[in-house]
Amino acid sequence: MANTRRIPLTFAPEGPNEESLAAIAEGDAFLASGQGGRFANGRDLMEAATA
């Protein structure tokens, strides 16, 4: 801002960072494996998260 004397403004979406890309790849691999998840439903997930 100091160099250009304007507010940098872009409407272009930011790409995912390395950690997000790794999580996306992990999720894709899990879904492709056909394995079941740890929780049968959202309630089980929330109970485990708040235990």
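The values are calculated or read from the model by the stated rules, or taken from the named source; none is laboratory data. Everything quoted here is computed from the prediction, not taken from an experiment. In this analysis, Cβ positions are derived from the backbone assuming ideal geometry, glycine residues included, and neighbour counts consider all displayed protein chains. Areas reflect the complete protein model, heavy atoms only, side chains present, ligands, DNA and RNA absent. Shrake-Rupley method; radii C 1.70, N 1.55, O 1.52, S 1.80 Å.
Scanning the stretch 25-40 for residues that are in a loop (DSSP other than H, G, I, E, B) and open to solvent by 80 Å² or more (accessible area, probe 1.4 Å) turns up Gln35, Arg38, Ala40. Just one of the numbered conditions (1) under 17 Å from the mean Cα position of the chain (by Cα); (2) assigned to a helix (DSSP H, G or I); (3) surrounded by 10 or more Cβ atoms within 10 Å (Cβ to Cβ) is not true of Pro16: (2).
Is it the case that Arg5 is modelled with pLDDT under 95, touching a helix residue (DSSP H, G or I) at 6+ places or on another chain (Cβ under 9 Å), loosely packed, with under 10 Cβ neighbours inside 10 Å and not β-branched (Val, Ile, Thr)? Judged against the criteria, Arg5 is not a match.
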